[in-house]
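Worksheet: the structure to be examined is printed underneath.
The values are calculated or read from the model by the stated rules, or taken from the named source; none is laboratory data. Predicted, not measured: the structure shown is a model, and the values here were computed from it. Cβ coordinates were reconstructed from backbone atoms using ideal geometry, including for glycine residues, and neighbour counts include every protein chain displayed. The area values use the complete protein model at the heavy-atom level, side chains included, leaving out ligands, DNA and RNA. Shrake-Rupley method; radii C 1.70, N 1.55, O 1.52, S 1.80 Å.
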Amino acid sequence: MDITSAKTAPYWWDAVDASRTRDPIGGDADVDVAIIGAGFTGLWCAYHLARLDPALRIVVIEKDHVGFGASGRNGGWCHAEYPLGHEQLVQDCGHDAAMAHMRALFASVDEIGMIAAEEGIDCEYVKGGVLTVARSDLQMTYAHEEVESARSFGLTDDDIRLLDGDEARDALNATGVIGAVWHAHGAAIHPAKLVHGLASVVEAQGVTIYEGTEVTGVSRSVVRTDGGDVRAPMIVVAMEGYRSNLPGEKRRVIPLYSLMVATEPLPDDVWGEIGLSARQTFGDFRNLIIYGQRTGDGRLAFGGRGAPYHWGSAIEPGFDIDDDVHRELTAVLTELFPQIAGYEITHRWGGPLGVSRDWRPSVTVDHGKGIAWAGGYVGDGVNTAHLAGQTLAELITRTDTERTALPWVNHRWPTWEPEPLRWIGINAGLALAKAADRTEQRTGKHSRKADLGLWFRGRSRRRR
Ligand SMILES: Cc1cc2nc3c(=O)[nH]c(=O)nc-3n(C[C@H](O)[C@H](O)[C@H](O)COP(=O)(O)OP(=O)(O)OC[C@H]3O[C@@H](n4cnc5c(N)ncnc54)[C@H](O)[C@@H]3O)c2cc1C
């Protein structure tokens, strides 16, 4: 499959007006809450704030346009995963708090579907669950381990289930599938339709969104932008992978690139062979993450890690396109589904997601300093950003709920190492994950390289 003629922009953007359609800020302003970033975190926070207290004056300040960041570019997996897995969460905060956190993530998947339906946002939400397929005996061992661990944690068949070979191939007939784990709490969505729909809904609630307005600095109660200062007693930094754009923030959350490709719409007979009839999102048990979905209009949208970390936490439009990584992704896709080899790759793109030094997401509100933030979702941000935005809104309005007591609230991140250690460590980790996959494929045994490569996660065992 040739990638050179593919459009170099997110496939999702074809369905929305991905340009600056809103005015930039026209001078100084005084508001109650100023939110930086018009992605899922910022817009969900605005949405829930406006519902909790309709009198609040809220602005969202966006450098480019709504959904320009990861929220308009992702794989559309709206799923309930904690980046380090529930076992780590139990170690960090105990069983009951970990279970409360996981249940809140599960509930959030349903709430996104309900709110989209209530607010008339057609984001192609279908809750078909998530399939992680096993394509070798070793991967099947990982599948068993995952389900056993979920059982001992207290999850049931309604949450997660092991599929045997026939069941797994019925669901997803990729090459070499011998089993799978099915996670119930996951939906496929069209991310750009969700983020743009949400923006219109918050505007109807009375929130102002400024596009084309770059935040150049944040100090106590003031957001400085290229078009004027915004004074607010509460400032919410909702920039995730882009947070390194702010002065002095390069070591808090680093931008790690994930890249994607999309095929042309595939005919029904090809889908008859592949499956995914419930639009389950899918991946497998390799170390270097891959993720895919059957889109609402019958394409395969498929992505993975593997793009390098760029020196100094840099973010540049040129990093969205990487011929080598896009070719590798296309090769993996056709290895999984040889029947699509004759079809076109129509789009390829990428973008940065946010990774904190300890790989733990956080929702933080400091009333004393009038500053709040959320992020560090490590590629699991579509659903998590909703839970984060809702929790931010509750914390800001001092509304106590079961969410405001979750263990990630006010979790403080350690900072990343200075360069060159950061660059060396992260890129070595990525290279080791890739090498571990090759070794595991060749030997059929777990590779120590996978564990070594994860030194920077603060955890020894691999997870998605
Ligand atoms: C290719 C890719 C695939 C992914 N796939 C999935 C997936 O399938 N499932 C999943 O759960 N997660 C996925 N993720 C991660 C997920 O998309 C993110 O975690 C989530 O969207 C983050 O939302 P956010 O609102 O916090 O940040 P963003 O959506 O990144 O929004 C931040 C906003 O801040 C703006 N901004 C930047 N600098 C400034 C400035 N100086 N002033 C003002 N505004 C500024 C940006 O333009 C941007 O719009 C993926 C990410 C990528 C990149």
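Residues that are hydroxyl-bearing (S, T, Y) and free of Cβ contacts under 8 Å to residues at least 24 places away in the same chain were ranked within segment 385-435; the one that is nearest to W77 (Cα to Cα) is T404. For segment 1-104, which fully contained strands (runs of 3 or more DSSP E) count at least 2 residues that are under 30 Å from E328 (Cα atoms) and either away from the ligand (no atom under 16 Å from the Cβ) or within 23 Å of the chain's Cα centre (by Cα) (or both)? Qualifying strands (runs of 3 or more DSSP E): 77-79. Could you please let me know if I36 is crowded, with 24+ Cβ neighbours inside 10 Å and modelled with pLDDT of 95 or more? Spelling it out, I36 is indeed crowded, with 24+ Cβ neighbours inside 10 Å and modelled with pLDDT of 95 or more. Kindly evaluate S258 against the criterion of being under 28 Å from A46 (Cβ atoms) and either away from the ligand (no atom under 12 Å from the Cβ) or in a strand (DSSP E or B) (or both). Yes.
Taking the conditions exactly as written (open to solvent by 40 Å² or more (accessible area, probe 1.4 Å), modelled with pLDDT of 95 or more and hydrophobic (A, V, I, L, M, F, W, C)), does M114 satisfy them or not? Here the answer is yes, as M114 does meet what is asked. Scanning segment 207-255 for residues that are among the polar types (S, T, N, Q), within 18 Å of T41 (Cα to Cα) and open to solvent by 60 Å² or more (accessible area, probe 1.4 Å) yields a single hit, N245.
Somewhere in segment 124-131, is a residue in contact with an Asp or Glu (Cβ under 7 Å, 6 or more places away or on another chain) and in contact (Cβ under 8 Å) with a residue 24 or more places away in the chain? First the steps, then the outcome.
In the first step, residues of segment 124-131 are kept if they are in contact with an Asp or Glu (Cβ under 7 Å, 6 or more places away or on another chain); the result is none.
Checked segment 124-131: no residue is in contact with an Asp or Glu (Cβ under 7 Å, 6 or more places away or on another chain) and in contact (Cβ under 8 Å) with a residue 24 or more places away in the chain.
Among the numbered conditions (1) touching a residue at least 12 places away in the same chain (Cβ under 8 Å); (2) open to solvent by 60 Å² or more (accessible area, probe 1.4 Å); (3) farther than 28 Å from A199 by Cβ, the only one that H86 does not meet is (2).
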